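Asker: This is the structure, below, for whatever I ask next.
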Number of protein chains: 2
Amino acid sequence: MIFNDVLENVKLYEAGKPIELLVRQYGIKENDIIKLASNENPYGTSLVVQNKIKSIVQNMFRYPDDSMYELKKSLSLKFNVNDDNIIIGCGSDQVLDFCVKAKCAYSSNVIMSNTTFAMYEIYSNQVGANILKTKDDLHNLEQFKMLYKKYGADIIFLCLPNNPLGECLNRSDVYDFLDEIDDNTLVIVDGAYQEYASFKDNSKKIDPYDLISKYNNTIYLGTFSKAYGLGGMRIGYGIACENIINSLLKLRPPFNITNLSLQAAIEVLKDQSFVDDCISKNFVQMKRYEDYVIDKGFCFIDSYTNFITIKFDDTIKSCYIFKKLLENGIIVRNLKSYGINAIRVTIGRDFENTKFFNVLDNILLKISSKL
Amino acid sequence: MIFNDVLENVKLYEAGKPIELLVRQYGIKENDIIKLASNENPYGTSLVVQNKIKSIVQNMFRYPDDSMYELKKSLSLKFNVNDDNIIIGCGSDQVLDFCVKAKCAYSSNVIMSNTTFAMYEIYSNQVGANILKTKDDLHNLEQFKMLYKKYGADIIFLCLPNNPLGECLNRSDVYDFLDEIDDNTLVIVDGAYQEYASFKDNSKKIDPYDLISKYNNTIYLGTFSKAYGLGGMRIGYGIACENIINSLLKLRPPFNITNLSLQAAIEVLKDQSFVDDCISKNFVQMKRYEDYVIDKGFCFIDSYTNFITIKFDDTIKSCYIFKKLLENGIIVRNLKSYGINAIRVTIGRDFENTKFFNVLDNILLKISSKL
């Protein structure tokens, strides 16, 4: 059976290792495992949401309300936009997919940072687009601009803040950049971690309403998977002008969100104080990581998210650290596959982070005793 | 903003009206509404599943195990295939989508019955494929063969049994047809309602293992949305030879299933007696519909599913019946959009069906008094 040629260039996404895998492969007990690999909210899911979901499990046989009326209403109130400016996806991932499939075809150009969310490249490869990457790993708008002037683009991906590195462009710089982009180039502003960036530094904050009012060629992506504590429920959204949303809706499969997920998202939007509290705790714990890394003489990238990227010098291999942490029941992300000698660690709860520091201390001790 | 041309031909899927809509639009109380529109299992979700989900709501913040190890294991045991023969989709819909995107491109040919599951056409239009339909509404393999001999095809869609009409081809006829299809044509055997067909008549039964062992160009699609009572949880699967599955996996986005959905599917597979019991009740209730329709002098299509298609004569318009039922809190599907003067009614519970008969009686009485 022969399939479309473009599939040959498509790589599979490498997900953070799930807890279930460590239980199966290493025989470690579930309760002894600390997962700091997928930037989930370590404080879990709001109790309000948990109780709501418990109370509606009898509805699982019913298809969801495919108009997603109630969730769109909640989001439109939160962001001061109309229902018609919103599309809901199975994670904001799916909205990315809609954007690429709606806008790109074989040999379209797309522009992205050299090290950024892997799905930009994967979805673009699925349609056979040309992928143009900046030289720098961190977002460098001058380099974006050079590529754009030289080659043009159907889509530009901006990850604000950037996953997996953690840096975040200033809003004013982003707006200056957008001023120079043609109306027919779709600019995707991926705000999966925006709640963290906005909390840490208001100059990073991108307001979806402000963005799409000023630039009708942009789409803002948000998610319930990170700060909102619903990574397992697969819900994200895109906010854009009606023309863009209507085109993307043509690619949305019916019932792309479970009915429990819809309710979970609606409920957590009512429990904003839970989310705010988690974000606040995140940066208290982040400080511990920064201090630890400085103390050890490593480098970190200043992070506007709920994770931190720790870079090692040549004497230490991230693959080794990753593997040793895993054997000790701690799952992080190895950035080797991005060509960087670093690990990305989700900022966990206090006790999880303490354990991470202790385990890493022991690993480093063994390395130095061998040197 | 200009999007890909092909989108202009894409129509939106018309979902069965949700209960929430009637509450909003007609002010009918939720408990007074009977939904017989989306072929959900009217007996609901297995209690075993409900209890399991209640016990794991605290995990909603965690991303799912993207290998779907446990669910694949359960399905591979059920169907006597390997894990590598299975792909899991957000409903079997999503596997359809993968098939079309992996195999078709602009001006590919796809063949389907004149009246069949609407998503075949929608997904095919998304890539700009040529859609070749048989003349007959019911599956007619002679007509499929004629189209295939004349035009060839990248994909052939067989809906066994067929939604929205309910008829089902015999396995032996399907196999005879498959004998004449080229190895490089993907034949999709959509078995969303196979559990019902197999129960009613063993000669309709398609066993995935048998199918893919004999024909390496086929994929069998199954779902948890119908007999398994999990329509809201969005889980379906495809079973095919490894070569096909590996190509489709390149289009599967990570985390396309919620973690609660994975657990729900795993649990319901342990509660097969619940499913069998629902299917058995379905056909007891189906008989009541057949008797009713005969009594009124209408026609029905012999159905191998959990729904029945009732055709009206020229004196009665399906649009009118649909609307009047809606006003009385009963939601069915109007098949007018398929060009057929008929309604499709999901076989409900005993009391739901009784109410349907009574309400339809009253509507018909008013029509006849006007004639």
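Listed here are the residues, each with its yes/no results for (1) in contact (Cβ under 8 Å) with a residue 12 or more places away in the chain; (2) touching a Lys or Arg at 6+ places or on another chain (Cβ under 8 Å); (3) open to solvent by less than 40 Å² (accessible area, probe 1.4 Å).
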position: B:337; (1), (2), (3): yes, no, no
position: B:346; (1), (2), (3): yes, yes, yes
position: B:355; (1), (2), (3): yes, no, no
position: B:358; (1), (2), (3): no, no, no
position: B:361; (1), (2), (3): no, no, no
position: B:367; (1), (2), (3): yes, no, yes
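Asker: Within the stretch B:313-335, track down each residue that is open to solvent by 10 Å² or more (accessible area, probe 1.4 Å), closer than 18 Å to residue B:292 by Cβ and touching a helix residue (DSSP H, G or I) at 6+ places or on another chain (Cβ under 6 Å).
Answerer: Within the stretch B:313-335, B:324, B:328 meet the criteria.
Asker: State the number of residues belonging to the stretch A:219-244 that are part of a loop (DSSP other than H, G, I, E, B), farther than 22 Å from residue B:256 by Cβ and touching a Pro at 6+ places or on another chain (Cβ under 9 Å).
Answerer: 0
Asker: If I go through the stretch A:1-11 residue by residue, how many of them are more than 7 Å from chain B (Cβ to nearest Cβ) and either in a helix (DSSP H, G or I) or in contact with a Leu (Cβ under 8 Å, 6 or more places away or on another chain) (or both)?
Answerer: Counting residues in the stretch A:1-11 that are more than 7 Å from chain B (Cβ to nearest Cβ) and either in a helix (DSSP H, G or I) or in contact with a Leu (Cβ under 8 Å, 6 or more places away or on another chain) (or both) gives 4.
Asker: OK, next. Please go through the stretch A:242-253 and pick out each residue that is at the interface with chain B (Cβ under 8 Å from one of its Cβ atoms), touching a residue at least 40 places away in the same chain (Cβ under 8 Å) and open to solvent by 10 Å² or more (accessible area, probe 1.4 Å).
Answerer: A:247, A:249, A:250, A:251
Asker: Hey, any hits in the stretch B:254-271 for a residue that's open to solvent by 20 Å² or more (accessible area, probe 1.4 Å), more than 27 Å from residue A:255 (Cα to Cα) and either of a type in the set (Val, Ile, Thr) or away from chain A (no Cβ under 11 Å) (or both)?
Answerer: Scanning the stretch B:254-271, I find no residue that is open to solvent by 20 Å² or more (accessible area, probe 1.4 Å), more than 27 Å from residue A:255 (Cα to Cα) and either of a type in the set (Val, Ile, Thr) or away from chain A (no Cβ under 11 Å) (or both), so the answer is no.
Asker: Something else about it: Do we find that residue A:304 is crowded, with 20+ Cβ neighbours inside 10 Å and more than 14 Å from chain B (Cβ to nearest Cβ) in this structure?
Answerer: yes
Asker: Now, a different point. Looking at the stretch A:120-164, which of its residues are aromatic (Phe, Trp, Tyr) and surrounded by fewer than 18 Cβ atoms within 10 Å (Cβ to Cβ)?
Answerer: Correct list: A:151 only.
Asker: On the basis of being under 30 Å from residue A:170 (Cβ atoms), of a type in the set (Asp, Glu) and either at pLDDT below 95 or open to solvent by 70 Å² or more (accessible area, probe 1.4 Å) (or both), does residue A:277 make the cut?
Answerer: yes
Asker: Could you list, in sequence order, all residues of the stretch B:192-218 that are touching a residue at least 12 places away in the same chain (Cβ under 8 Å), among the charged types (D, E, K, R) and assigned to a helix (DSSP H, G or I)?
Answerer: The answer is B:195, B:200, B:204, B:214.
Asker: Here's something else I'd like to know. Scan the stretch B:196-209 and tell me whether some residue there is closer than 25 Å to residue B:102 by Cα and open to solvent by less than 10 Å² (accessible area, probe 1.4 Å).
Answerer: yes
Asker: Moving on to the next point. Hey, which of the helices (runs of 4 or more DSSP H) in the stretch B:16-95, taking only ones fully inside, have at least 3 residues that are touching a residue at least 12 places away in the same chain (Cβ under 8 Å), within 22 Å of the chain's Cα centre (by Cα) and under 24 Å from residue B:278 (Cα atoms)?
Answerer: Filter on the stretch B:16-95 gives B:69-79.
Asker: For the subset of the stretch A:174-191 comprising residues that are in contact (Cβ under 8 Å) with a residue 60 or more places away in the chain and hydrophobic (A, V, I, L, M, F, W, C), which member is farthest from residue A:94 (Cα to Cα)?
Answerer: If we take residues in the stretch A:174-191 being in contact (Cβ under 8 Å) with a residue 60 or more places away in the chain and hydrophobic (A, V, I, L, M, F, W, C), then A:186 is farthest from residue A:94 (Cα to Cα).
Asker: When the stretch B:96-148 is examined, which residues are found to be facing chain A (nearest Cβ under 10 Å) and part of a loop (DSSP other than H, G, I, E, B)?
Answerer: Correct list: B:104, B:105, B:106, B:108, B:127, B:128.
Asker: So, of the residues in the stretch B:165-177 that are open to solvent by 40 Å² or more (accessible area, probe 1.4 Å) and outside any loop (DSSP other than H, G, I, E, B), which turns out to be farthest from residue B:226 (Cα to Cα)?
Answerer: B:176
Asker: Restricting the stretch A:60-91 to residues that are within 14 Å of residue A:257 (Cβ to Cβ), touching a Gly at 6+ places or on another chain (Cβ under 6 Å) and within 11 Å of chain B (Cβ to nearest Cβ), which is most open to solvent (accessible area, probe 1.4 Å)?
Answerer: Applying the filter and picking the extreme gives A:62.
Asker: So, of the residues in the stretch A:15-25 that are more than 9 Å from chain B (Cβ to nearest Cβ) and open to solvent by 50 Å² or more (accessible area, probe 1.4 Å), which turns out to be modelled with the lowest pLDDT?
Answerer: A:17
Asker: Among the residues of the stretch A:26-55, write down those that are more than 7 Å from chain B (Cβ to nearest Cβ), surrounded by fewer than 19 Cβ atoms within 10 Å (Cβ to Cβ) and within 20 Å of residue B:62 (Cβ to Cβ).
Answerer: Across the stretch A:26-55, the qualifying residues are A:26, A:28, A:29, A:30, A:31, A:32, A:43, A:47, A:48, A:51.
Asker: Quick check on the stretch A:225-235. Is at least one of its residues more than 7 Å from chain B (Cβ to nearest Cβ), crowded, with 21+ Cβ neighbours inside 10 Å and either charged (D, E, K, R) or in contact with a Lys or Arg (Cβ under 6 Å, 6 or more places away or on another chain) (or both)?
Answerer: yes
The values are calculated or read from the model by the stated rules, or taken from the named source; none is laboratory data. None of the values given here were measured: they were computed from a predicted structure. Virtual Cβ from ideal backbone geometry, glycine too; neighbours counted across all protein chains shown. Keep in mind that these areas ignore ligands, DNA and RNA; they rest on the heavy atoms of the full protein, side chains included. Shrake-Rupley method; radii C 1.70, N 1.55, O 1.52, S 1.80 Å.
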